[in-house]
Amino acid sequence: MTSKNASNLEVVTGDIAGLFDAIPFAHWLGLMAGKDSDGVLCRMPFAQRLIGNPNLPALHGGIVATFLEATALAVVVDAQNNPDARCGKEIPRVISTTVDYLRPAGPKDTFARAEIIRLGTRLATVVATAWQDDLSRPVARANCHFLVASGGKAS
Amino acid sequence: MFDDLPISWAEFRRRSGRAPNGHVGVMGELGAMIERLDADGIRVRVPFQPTIVGDTGWNVVHSGLLMILLDSLCGISIIQKMAAPSPIATLDLRVDYLRAVPAGEDLYVTANCHKIGRNVAFTTGTIYTNDPEDPAAIANGSFMLGTAGDPPPMATMLKGQGA
């Protein structure tokens, strides 16, 4: 499907904070990743280019979706970094993402965390949640599937 | 406004008076071009640019860009079919990534609204590059109708068409 070249993320996977800088589109969006005592925490600082309809204004739904998917990716990469983890260790390739939009996302900073539902030898299933002012009032949730190892002969 | 397709998303926003302080929204920022907009459908082209790459080793376009395009186009497919355009908001969006988009290829996005109910509308969208028969991503999106705010600018344009 993709080229035989190695992912350029191979060089940054040990450092979640550098992950989004290595992804040009994530960098364009200004996405940031870090870790605290609760795990990976991602931040999307407000920028005018993230607006969908400037007349509202609200963040574009696809932008929020991108942020959630990127957060899910970061959490999978972080889990893969654990040398004891028995899971696929290839750079995750997203298969599908489903987003539920829960509240309008206003022109302000957005935060996200993600939870791995299952991380296997081929597949990762992750749920990500984004919020703005109040963690208990999420603006959107996403369910993402990633391939974490190429399949066998069947694929 | 319809006579001079293709038109850039940014220019279309400016002409319809929906670019406050020169802000054209993310679709405008991405350089999206409206190539087709009529009763039978809409098609938008997004020229490749290096900022949309997801992985410089694999040399592919970022998946998030595809979600942005599909969300926008699915929404417009509803506005296009509304008797009286009103504000809408995405309720959910599912995107399946069928194949990677190689860096350097322009993207084309189309969408179709299957049903407009009293509260919810249902859509599908497709992204392809060189070959419409070889889609890179497909989406299913449902949207709430009659939400807060102004109708999208596309509504203004479509009403202008009939006048």
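Here are the numbers:
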| quantity | calculated |
| --- | --- |
| Cβ-based net charge around A:ARG113, under 15 Å, with every Lys or Arg adding one and every Asp or Glu removing one | -3 |
| Dimensionless Rg over Rh [the range A:8-147; C-alpha; Kirkwood] | 0.96 |
| Label-point gap, in nm, between B:ASN130 and A:ASP134 - each point 7 angstrom along Cα→Cβ | 5.3 |
| Rg in Å to one decimal, and Dmax rounded to a whole Å, for the range B:96-155 via C-alpha atoms | 14.5, 42 |
| Of all DSSP beta bridges in chain B, antiparallel share, percent nearest 5 | 100 |
| Cα-based radius of gyration of the range A:79-155 once divided by 2.2 N^0.38 Å, which approximates compact folds | 1.32 |
| Helix-only CD estimate at 222 nm, as mean residue ellipticity for chain B, using -39500 (n - 2.57) per DSSP H run (n ≥ 4) | -7500 deg cm²/dmol |
| In the range A:65-118, the trypsin sites (Lys or Arg not before Pro) that fall in loop regions by DSSP, at most 12 other Cβ within 10 Å | A:ARG86, A:LYS108 |
| Estimated Rh, the protein assembly as shown: Kirkwood, alpha-carbon pairs, angstrom | 19.8 |
| Part-to-part distance (alpha-carbon centres) for the range A:58-95 and the range B:111-139, which is given in Å | 25 |
| Qualifying chymotrypsin sites (Phe, Trp or Tyr not before Pro) in the range B:76-137, DSSP loop, other Cβ atoms within 10 Å at most 14 | none |
| Relative contact order [Cα under 8 Å, 6+ residues apart], the range B:2-162, whole percent | 22 |
| Spherically averaged projected area of the range B:2-162 from its Cα convex hull (nm²) | 9.4 |
| Tally of Lys pairs whose C-alpha atoms are under 24 Å apart, taken over chain A, 8 or more apart or cross-chain | 5 |
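Read-outs: derived from the displayed coordinates by stated rules, not from any lab. Quick caveat: nothing in here was measured; it's all calculated off a predicted structure. All Cβ positions, even for glycine, are placed from backbone atoms using ideal geometry, and neighbour counts span all protein chains on display.
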